[in-house]
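Just so it is clear, none of the values below were taken in a lab; they were calculated from the coordinates. This one's a predicted model, so the numbers in the text were calculated from it and none came from an experiment. Glycine also receives a Cβ, built like all others from the backbone with ideal geometry; neighbour counts cover every protein chain displayed.
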């Protein structure tokens, strides 16, 4: 039985909207993420650490509601919550953070 | 007795609708039959039709009371065929089958009707996928590419474009993408966006965890900001036969200026100056 054509209905995001980063506090992390993407043929699976770092920056600056990483799909990545700093670049290779 | 019967016959035959022409023939027949009484008992059971003129529907029915024949009834008109038990059973079974069939057909019809007209939309279906699904979903193997494009209303003065034109990912993997928006004018401008997905069939699997759409966003004069989209593609994308050969999804955001009388197809929520994620009002820093 032929069904009628499905009309596209936009859906709201699960967690609402990102507040705008007017001060650009997380801009560096965004640039690192974009650099990773362009170096890896825009392959998302290779740049997940960087995207996680960016989201963590947002959480720490009240630009995103804090959430368990598992609920954001980062269960497979190691916890790096203690390592993020706004001032210095993050060394993601290390297992523990000095 | 024969005379009595004949009188009875006359009485019946005089009713409207009976054929008087046949009356004499029938009365002769009855007289003949009744004279053969020995035969009568074997030929006619009580209330048995003894004779029928073919084609005319004319019948003689003999009512026996003990060993005597009390009355002869002339029945005219077409004999009605009563519905037998078998026929009634067949009708009943076919009716049951028809109703059951309508029940099966009704399920996809109902779904199609409701998806078209929006009835029966619950908050869960409206809001996208369950948050907890993200925690337990498994990554697929099939690599999909997502394209990003930006569009804006002709009168809208922001510069709006994606930071990446495409991205490769697998279903079940959360991904982050960025758009850039800039306000080149000297006045703050409030924008509001909506999005579309192509192909439409893939839209049900495209789940945004957080983005910048459907909420008013304000940009100060000469301000440039990054707008992230955090999303994933449902692992069930791989199971849909209609999407077996669709490996590319195009996501397009369109910005409009937020002003009175603007009607966007918003899915049911919109607040000025506050974000549901943090609950805090969006501050505009100078």
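Each peptide in B:237-245, B:82-90 gets a packing score, the mean of other Cβ atoms within 10 Å over its residues, and the list from highest to lowest is B:237-245, B:82-90. Per-residue mean of foreign Cβ neighbours for A:31-38 is 3 (Cβ atoms of other chains, 10 Å radius).
Legend: P(r) of region A:1-71 from all alpha carbon pair distances, 10 Å bins from 0, whole percents, reading 17, 34, 29, 11, 7, 1. For the peptides B:97-106, A:43-52, B:183-192, B:246-255, residues were scored by their other Cβ atoms within 10 Å and the scores averaged per peptide; the highest-first order is A:43-52, B:246-255, B:183-192, B:97-106. Label separation (residue B:139 vs residue B:83): 6.7 nm, computed from points 7 Å beyond Cα along the C-beta direction. Shielding by partners for peptide B:210-217, expressed as the average number of C-beta atoms from other protein chains within 10 Å of each residue's C-beta, is 6. Note on residue B:132 and residue A:75: their simple-model spin labels are 1.2 nm apart, each label 7 Å out from Cα toward Cβ. Highest-first packing order for the peptide set B:145-158, B:201-214 is B:201-214, B:145-158, based on the mean count of other beta carbon atoms within 10 Å. Shielding of peptide B:159-172 by partners, expressed as the average count of other chain Cβ atoms within 10 Å per residue Cβ, is 3.
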